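The values are calculated or read from the model by the stated rules, or taken from the named source; none is laboratory data. Every value quoted in this text rests on a predicted model; they were computed, and no experiment measured them. Positions of Cβ are backbone-derived with ideal geometry, glycine not excepted, and every protein chain shown enters the neighbour counts.
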Amino acid sequence: MAKAAPAVDPEKPDDAPDQSSAKAPASGIKRRLIVFGAPVALAGLGSGLWFSGVVPGLLGIRHDSPATEPEAPSQPIYVDLPELITNLNNNSPRTSYVKLVVRLEVRRQPDVERVKAAMPRLQDLFLTYIREMRPQELRGSTGTYRLREELMARANLAAAPAKITDVLFTQMLIQ
């Protein structure tokens, strides 16, 4: 048996797709792309120009940096703490003591007054921290460096608005 050939439209070529079904989805996609994509692209372009400084420059908007005093290299100011003597945490029956003379370094004169006002708190924080240390923790340069860093952190907390730049040991005696 022979099969019947499909009906061929003489006006339409064989390899051409059906135009009526192809036009509707393509035009819908293009329309959605224009309606939704164009505002997103314009917003991205506008924000890029705004944050790069092009648009504020064209509009005459200038952001002046806050006027700060030029940091002149000033001489450090030193504040001496009273001599600190305390026992160390030692597990042996023999008690170990440490005698420490500390000098704090600050950069500005107003910080000196703040440090002097916080002196009782500084002494308390330093003594309670040192009292919990063992003698072997203070031995060598690493022990001294670690002690300096911890005391500096505590000093900056105690004299909060003041900035303490360094803790200097003028005397350290471990017995």
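Against the condition in contact with a helix residue (DSSP H, G or I) (Cβ under 8 Å, 6 or more places away or on another chain), in a helix (DSSP H, G or I) and β-branched (Val, Ile, Thr), how does Val79 come out, does it pass?
no
Quick one: what pairs do we get from region 117-143, first residue under 14 Å from Lys99 (Cα atoms) and assigned by TED's automatic domain parsing to the domain that holds Ser92, second modelled with pLDDT of 90 or more and among the acidic types (Asp, Glu), C-beta under 8 Å, 6+ apart or different chains?
Tyr129/Glu150
Failed condition for Met133, given (1) surrounded by 12 or more Cβ atoms within 10 Å (Cβ to Cβ); (2) within 28 Å of the chain's Cα centre (by Cα), with all others met?
All conditions are met except number (2).
Working only within region 118-173, note down all residues that are part of a loop (DSSP other than H, G, I, E, B) and closer than 27 Å to Gln75 by Cα.
Within region 118-173, Ala118, Ala159, Ala160, Pro161, Ala162, Lys163 qualify.
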